[in-house]
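**Student:** Right, I'll just put the structure down here and ask away after.
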Amino acid sequence: MAQFLSLPAELIDRIFSLLNLKTRKALRLASQHLSDVGQRWVFNAAVVYPTQASCNRLDQILQNEKLSSYVTKIYLNTWDPEQDMGSQYYEHDDAEDDTGLHPRFWAVFDRVKDFPRLESIALRFHHECDEYDYYEVPQSSDFRTAVMNRLLTVLSSLPRLVRELALRDLENVNPTETETLEQLQNVLGNLRSLRLNITNVSRGMSGSSDYHREPPQKFFAELPSFWLKPAMLNLEHLTLYSSLLVGFFPVCDLRDIHFPRLKTLALGNYTFIDDSQLEWILSHGSTLTELYLDDCVIVWEAGITDRENEPTLLPRERFRPHPDLYDDQVYTSYSKRWADYFRAFGRGLPNLRHFRFGHSPYWWHEETTPFERESAIRIGFHEECYAVFCDGFLPCEYMQHMIWRKLEDGKRKYEDGEALKPSEEDRKALVDLCAKVGQSITLHEGDFLEDVDLSEEEEGW
């Protein structure tokens, strides 16, 4: 410890910047010197929940000019995972009518302007949603709309617009009010970093397909023009995660969007089925230094019902009839493998310094997608890194092999197709790419990455 304390304050400050909050707090207790140096890293992010105690803590920070000057990021939680949902809303006579949130928390949105160095806002919703409010969920669409409108009104009025915006468990329904849209465009146009963790209704076990629902079909088709185009010129960091697989179907086509300053790209639950998707990533080769692919999938076979109102990423001429599918279905295949992608990244991303492909252990850790966990992605092959899309089979059309409908003695008989597993070529290409960017890895001995027990891990926010 004596040697550590003898380090220059600038170096200790840098060490604090690399630690998580729990470690920062513990290290500050070691000495007065560490307490003084590490104080700004303990208070650089403020976390607020819709509870009396949490709002009190925020008030205490704001009342201290020094502490409030340290805050550069605020996490606004619209619910507290540690408390019963029923005790957080509508428990006060003076609760806000349109949300049920206590006015003290509602006022927190306005108080963000009192932090002089604020650069980043992260807003968290509950992971359960229902696009039409047919089912009882903890936070209705009206609740989410009211909170988003409040946030955008505040962010648009700040004397210095924030540079980072993170939306955790954003419902897959875009706002439509003219004033809200104008405010959103204003906020997006000034961002350097955007994180969108999209939540979708998940009722696949009830006998219907989550992938054929109208809201995800509409939302992800609009996402590039609605959320990304306004931020194109200045954005340096983009994270896109979805609780449903998207890309091929529902369509999430990024090809018409280009970020001239993009340094970091993170995709979670994104599906690849066309070379143009790979070329889109490579088009950022002059600036991209970090690439994270979390539970991403190559769709190497797809059989779809030929519906005009449900397009896929591929045009219809890329599909053809198949003798082992129904008459109203068509088929396509994709020849690229992960080895092709890794080799292309090695050639086409000359500035790449951090790369992770695999599976984050934080998937569904809090019953939702990983948030701010790119560095935790375990490098290797997850069980569904190759998948097929087999339309008509529930609860999820994305599966490991096709299900063919063979005609035998005049009758249809279901037969499993072959699954595609990572090859030795895939493994070598992944190892080679990691080595090229300075990362030495050892792949898991088994076929796929195993789940990790996170029961002792520090929770998020």
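**Student:** So in the stretch 283-315, with the set limited to residues that are farther than 20 Å from VAL251 by Cβ and of a type in the set (S, T, N, Q), which one is surrounded by the most Cβ atoms within 10 Å (Cβ to Cβ)?
**Tutor:** THR289
**Student:** Keeping to the stretch 416-431, report how many residues are outside any loop (DSSP other than H, G, I, E, B) and either in contact with a helix residue (DSSP H, G or I) (Cβ under 7 Å, 6 or more places away or on another chain) or without any contact (Cβ under 8 Å) to a residue 24 or more places away in the chain (or both).
**Tutor:** Residues meeting the conditions: 7.
**Student:** Let me ask something additional. Pull up the stretch 41-84, narrow it to residues that are aromatic (Phe, Trp, Tyr) and in contact (Cβ under 8 Å) with a residue 60 or more places away in the chain, then point me to the one that is farthest from ARG117 (Cα to Cα).
**Tutor:** The selected residue is TRP79.
**Student:** I'd like the full set of residues that are surrounded by fewer than 24 Cβ atoms within 10 Å (Cβ to Cβ) and among the hydrophobic types (A, V, I, L, M, F, W, C), limited to the stretch 245-257.
**Tutor:** Once the filter is applied, which keeps residues that are surrounded by fewer than 24 Cβ atoms within 10 Å (Cβ to Cβ) and among the hydrophobic types (A, V, I, L, M, F, W, C), the stretch 245-257 yields VAL251, LEU254, ILE257.
**Student:** Filter the stretch 190-223 down to residues that are more than 19 Å from MET148 (Cα to Cα) and among the hydroxyl-bearing types (Ser, Thr, Tyr) and give me whichever is modelled with the highest pLDDT.
**Tutor:** TYR211
**Student:** Here is a follow-up. Identify the single condition in (1) within 22 Å of the chain's Cα centre (by Cα); (2) assigned to a loop (DSSP other than H, G, I, E, B); (3) under 26 Å from PRO50 (Cβ atoms); (4) at pLDDT 90 or above that LEU161 does not satisfy, given that it satisfies every other one.
**Tutor:** Going through (1) within 22 Å of the chain's Cα centre (by Cα); (2) assigned to a loop (DSSP other than H, G, I, E, B); (3) under 26 Å from PRO50 (Cβ atoms); (4) at pLDDT 90 or above one by one, LEU161 breaks only (1).
**Student:** Please name all residue pairs, on different chains or six or more residues apart, with Cβ atoms under 6 Å, provided the first residue is in the stretch 390-403 and is among the β-branched types (Val, Ile, Thr) and the second residue is buried (at least 20 other Cβ atoms within 10 Å of the Cβ).
**Tutor:** These pairs meet every condition: ILE403/CYS390.
**Student:** A follow-up question, please. If we keep just the residues of the stretch 233-271 that are β-branched (Val, Ile, Thr) and assigned to a strand (DSSP E or B), which is nearest to ASP295 (Cα to Cα)?
**Tutor:** THR271
**Student:** List pairs: first residue in the stretch 271-287 and at pLDDT 95 or above, second residue in a helix (DSSP H, G or I) and crowded, with 21+ Cβ neighbours inside 10 Å anywhere in the structure, Cβ distance under 8 angstrom, at least six positions apart or on different chains.
**Tutor:** PHE272/TYR341; LEU278/TYR341; ILE281/PHE345; LEU282/PHE345
**Student:** Sort out for me the helices (runs of 4 or more DSSP H) sitting completely within the stretch 1-112 that have 1 or more residues that are closer than 30 Å to ARG163 by Cβ and either modelled with pLDDT of 75 or more or touching a helix residue (DSSP H, G or I) at 6+ places or on another chain (Cβ under 9 Å) (or both).
**Tutor:** 9-17, 21-28, 32-42, 52-63, 65-70, 103-111
**Student:** Restricting attention to the stretch 391-410, and to residues there that are more than 26 Å from the chain's Cα centre (by Cα) and assigned to a strand (DSSP E or B), which single residue is surrounded by the fewest Cβ atoms within 10 Å (Cβ to Cβ)?
**Tutor:** Just the residues of the stretch 391-410 that are more than 26 Å from the chain's Cα centre (by Cα), to begin with: 392-393, 401-410.
Then drop every residue that is not assigned to a strand (DSSP E or B), which leaves 403-408.
Numbers: ILE403: 16, TRP404: 18, ARG405: 17, LYS406: 11, LEU407: 11, GLU408: 8.
Among those residues, the one meeting the criterion is GLU408.
**Student:** When the stretch 357-372 is examined, which residues are found to be in contact (Cβ under 8 Å) with a residue 60 or more places away in the chain and more than 28 Å from SER333 (Cβ to Cβ)?
**Tutor:** Within the stretch 357-372, SER360, PRO361, TYR362, HIS365, GLU366, GLU367, THR368, THR369, PRO370, PHE371, GLU372 meet the criteria.
**Student:** Then there's this: Take the stretch 107-152 and flag every residue that is aromatic (Phe, Trp, Tyr) and crowded, with 18+ Cβ neighbours inside 10 Å. Let's see the steps before the verdict.
**Tutor:** Step one: filter the stretch 107-152 for residues aromatic (Phe, Trp, Tyr), giving 109, 115, 125, 132, 134-135, 143.
Matches in the stretch 107-152: PHE109, PHE115, PHE125, PHE143.
**Student:** Would you check if LEU443 is touching a helix residue (DSSP H, G or I) at 6+ places or on another chain (Cβ under 8 Å), touching a residue at least 40 places away in the same chain (Cβ under 8 Å), within 26 Å of PHE355 (Cα to Cα) and surrounded by 16 or more Cβ atoms within 10 Å (Cβ to Cβ)?
**Tutor:** yes
**Student:** Report yes if SER193 is in contact (Cβ under 8 Å) with a residue 60 or more places away in the chain, crowded, with 19+ Cβ neighbours inside 10 Å and hydroxyl-bearing (Ser, Thr, Tyr), otherwise no.
**Tutor:** yes
The values are calculated or read from the model by the stated rules, or taken from the named source; none is laboratory data. No experiment lies behind these values; they were computed from the predicted model shown. Neighbour counts are summed over all protein chains in view; Cβ atoms, including those assigned to glycine, are modelled from backbone coordinates with ideal geometry.
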